[in-house]
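Participant: Structure provided below as C-alpha cells; questions to follow.
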Amino acid sequence: MVQPLANEADAADPFRRRRIGMARPRPRRTASQPLGHQTLISRCPGAVQAFTEVLWARLRREAEEALERAPILASLFLESIINQHSFEAAVIHRVASRLRNDVVTLPLIVQAFNRALEADPEIASALRTDIIAVYEFDPACERFIEPFLYFKGFHAIQAHRLTHWLWRNGERDFCEYLQSRSSEVFQTDIHPAARFGRGIFLDHATGLVVGETAVVGDDVTIQQDVTLGGTGIEAAERHPKIGSGVIVGAGAKILGNIIVGENARVAAGSVVLRPVPARATVAGVPARVVRIDPANGRTRPMDQILQDLAHEAFVGTI
C-alpha cells in the first residue's frame, strides 16, 4: 500500500523538512554494513553516468536557490556552477579556482585537469562518487552544493587525483608544485604517489598526512589529523594499506607497511602499529582489537537507490 505524503508542501519542497528541523534520513554505517550509495553506484556499469544527470540537475537547482537567498555571492554560484556546462567541468573550475595563484593560473590548472580526465576517465567517476560519499555520511551536509563549494576535504582529494595523474605521467615538477600549493590551501599533505580509491570522504581534512606508498581503498572515511605514515625503519613499501570501507577516527596514527582490513574501524587517537583484521574495531596506544563485527552486511538494490535519488531531484522541480 502506497503511503501518502505528509502534505503537499513537503512534496513541493524537499528542503522544507530540513528547514523546520526534521533531519534528512541517513543510513547508519557500521563495520558490518559499510556500503552506501557511492559504493553501489561505483560498482554498477553505467550507473555512475545515469546518476550524474540527476546529480548535476540537483546541484544546479541548489545553486539557483542559493543565488536567490545570497545574491552577494552571485559570482561564486554563477562561475562555479550555473555557467558551467557539466558536473565535471564545474568541479574542475571550483578546485582550480582555489589552487590558482600568480605561478599557476586557473586556465593552466583547468587544462591539466582536462588532460587527466581525457587520459583516465576513472578520475571523473571517482569525483562523482566522492561527492556522494560526503553527502551520504556527513551529518552536517544537507545539500550537494556544500561539499562542492565549501568543504576542503572534497577539494583536497580532487586536487590529489590531479597530482597523482601528473606524477604517473612524469610531470614531476608541476605535480610537486601543485601538491605543495594544495597542502598550503587545504591543510593536507598527501604525497602525489599515494593511491586512493573512489568514494573517499575526508572529514574536515585539516592535518591529514599520507605517505608515498600508502594505498587507500574505496569508500573510506578519514577524519582530521590522521597520519598514514612510516616508522622510519622501513624502505620501499613503508606506509599503510587501508582496505575498502574503513573508517579512521580523528587523530589516529597508522604507521608502517601494515594492512587495515576491509570495513575496519580505527578509534580516534589510536596508534596502530600492527595489521588490523577485517571488520575489527581497534583502539588505544598502541591499538588493540576491541571488537570484530560479523560478516552479515546488507545493501539496498541499485535500482532502488537510483529511483530514490531521481525521485528526490524530480520532486524539487514540481
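The values are calculated or read from the model by the stated rules, or taken from the named source; none is laboratory data. Bear in mind the structure is a predicted one, so any value in this text is a computation, not a measurement. Reconstructed Cβ throughout: ideal geometry from the backbone, glycine too, with neighbour counts over all protein chains shown.
Participant: Determine which member of the set Ala287, Ala250, Ala283, Ala264 is touching a Leu at 6+ places or on another chain (Cβ under 9 Å) and among the hydrophobic types (A, V, I, L, M, F, W, C).
Facilitator: None of the other options fit; the residue is Ala287.
Residues checked against (1) of a type in the set (Val, Ile, Thr); (2) touching a His at 6+ places or on another chain (Cβ under 8 Å):
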position	(1), (2)
Val110	yes, yes
Leu117	no, no
Phe144	no, no
Glu171	no, no
Tyr177	no, no
Ala193	no, yes
Arg198	no, no
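Participant: Quick one: which of Ala193, Ala112 is assigned to a loop (DSSP other than H, G, I, E, B) and more than 17 Å from the chain's Cα centre (by Cα)?
Facilitator: On the way: Ala112 fails: assigned to a loop (DSSP other than H, G, I, E, B).
Just one listed residue meets the conditions, Ala193.
Participant: Of all residues in the stretch 197-220, count the ones that are more than 16 Å from Glu122 (Cα to Cα) and either part of a loop (DSSP other than H, G, I, E, B) or under 14 Å from the mean Cα position of the chain (by Cα) (or both). Give the steps one after another, and end with the answer.
Facilitator: Going through the stretch 197-220, the residues more than 16 Å from Glu122 (Cα to Cα) turn out to be 201-215, 220.
Adding the requirement that they be either part of a loop (DSSP other than H, G, I, E, B) or under 14 Å from the mean Cα position of the chain (by Cα) (or both) leaves 201-208, 211-214, 220.
Final tally of qualifying residues: 13.
Participant: What are the pairs with Cβ atoms under 6 angstrom where one residue, in the stretch 101-122, is over 20 Å from Glu79 (Cα atoms) and touching a residue at least 12 places away in the same chain (Cβ under 8 Å) and the other, located anywhere, is of a type outside the set (A, V, I, L, M, F, W, C) and assigned to a helix (DSSP H, G or I)? Sequence gap at least six, or different chains.
Facilitator: Going by the 6 Å Cβ cut-off, there are no qualifying pairs.
Participant: Condition first: touching a residue at least 24 places away in the same chain (Cβ under 8 Å) and either touching a Phe, Trp or Tyr at 6+ places or on another chain (Cβ under 6 Å) or not basic (Lys, Arg) (or both). Now tell me which residues in the stretch 255-274 satisfy that. Reasoning before the result, please.
Facilitator: Taking the stretch 255-274 as the starting set, the residues that turn out to be touching a residue at least 24 places away in the same chain (Cβ under 8 Å) are 255-257, 262-265, 268, 272-273.
The answer is Leu255, Gly256, Asn257, Glu262, Asn263, Ala264, Ala268, Val272, Leu273.
Participant: Kindly check whether there is at least one residue in the stretch 57-70 that is of a type in the set (Asp, Glu), surrounded by 21 or more Cβ atoms within 10 Å (Cβ to Cβ) and at pLDDT 95 or above.
Facilitator: Residues of the stretch 57-70 of a type in the set (Asp, Glu): 62, 64-65, 68.
Applying the additional criterion that residues be surrounded by 21 or more Cβ atoms within 10 Å (Cβ to Cβ) yields 62.
Retained after the next criterion (residues that are at pLDDT 95 or above): 62.
Yes, the stretch 57-70 has at least one match.
Participant: Ok, one more. Can you go through Glu53, Glu62 and tell me which one is in a helix (DSSP H, G or I), touching a residue at least 40 places away in the same chain (Cβ under 8 Å) and either more than 17 Å from Val110 (Cβ to Cβ) or touching a helix residue (DSSP H, G or I) at 6+ places or on another chain (Cβ under 8 Å) (or both)?
Facilitator: Glu62
Participant: Could you run through the stretch 157-177 and say how many residues are in a helix (DSSP H, G or I) and either of a type outside the set (D, E, K, R) or under 24 Å from Ser80 (Cα atoms) (or both)? Spell out the reasoning first.
Facilitator: Keep residues of the stretch 157-177 that are in a helix (DSSP H, G or I), which gives 157-168, 172-177.
Next, only the ones that are either of a type outside the set (D, E, K, R) or under 24 Å from Ser80 (Cα atoms) (or both) stay: 157-167, 174-175, 177.
Final tally of qualifying residues: 14.
Participant: Step by step: first the residues of the stretch 99-149, then only those that are of a type in the set (Gly, Ala, Ser) and farther than 15 Å from Thr163 by Cα, then the one that is surrounded by the most Cβ atoms within 10 Å (Cβ to Cβ). Which residue is that?
Facilitator: Here the residue is Ala133.
Participant: Let me ask something additional. Of the residues Gly229, Gly217, which single one is out of contact with any Phe, Trp or Tyr (no Cβ under 6 Å at 6 or more places or on another chain), surrounded by fewer than 24 Cβ atoms within 10 Å (Cβ to Cβ), of a type outside the set (S, T, N, Q) and closer than 16 Å to His160 by Cβ?
Facilitator: Values: Gly229 fails: closer than 16 Å to His160 by Cβ.
From the options Gly229, Gly217, the qualifying one is Gly217.
Participant: So for the stretch 300-312 (the condition being touching a strand residue (DSSP E or B) at 6+ places or on another chain (Cβ under 9 Å), farther than 30 Å from Glu184 by Cβ and either assigned to a loop (DSSP other than H, G, I, E, B) or modelled with pLDDT under 95 (or both)), does at least one residue qualify? Reasoning before the result, please.
Facilitator: Going residue by residue through the stretch 300-312, those that are touching a strand residue (DSSP E or B) at 6+ places or on another chain (Cβ under 9 Å) are none.
Among the residues of the stretch 300-312, not one is touching a strand residue (DSSP E or B) at 6+ places or on another chain (Cβ under 9 Å), farther than 30 Å from Glu184 by Cβ and either assigned to a loop (DSSP other than H, G, I, E, B) or modelled with pLDDT under 95 (or both), which makes the answer no.
Participant: Does at least one position in the stretch 206-214 carry a residue that is crowded, with 17+ Cβ neighbours inside 10 Å and either over 27 Å from Leu99 (Cα atoms) or small (Gly, Ala, Ser) (or both)?
Facilitator: yes
Participant: Among the basic types (Lys, Arg), touching a residue at least 12 places away in the same chain (Cβ under 8 Å) and assigned to a helix (DSSP H, G or I) - does that describe any residue in the stretch 138-156? Give the steps one after another, and end with the answer.
Facilitator: Taking the stretch 138-156 as the starting set, the residues that turn out to be among the basic types (Lys, Arg) are 143, 152.
Remaining after also requiring touching a residue at least 12 places away in the same chain (Cβ under 8 Å): 143, 152.
Filter once more, keeping what is assigned to a helix (DSSP H, G or I): 152.
Yes, there is a match, as at least one residue in the stretch 138-156 is among the basic types (Lys, Arg), touching a residue at least 12 places away in the same chain (Cβ under 8 Å) and assigned to a helix (DSSP H, G or I).
Participant: Right, something else. Every residue in the stretch 69-90 that is assigned to a loop (DSSP other than H, G, I, E, B) and among the aromatic types (Phe, Trp, Tyr), please. Even if it seems obvious, please write down each step before you answer.
Facilitator: So in the stretch 69-90, the residues assigned to a loop (DSSP other than H, G, I, E, B) come out as 70, 83-86.
The answer is none; no residue qualifies.
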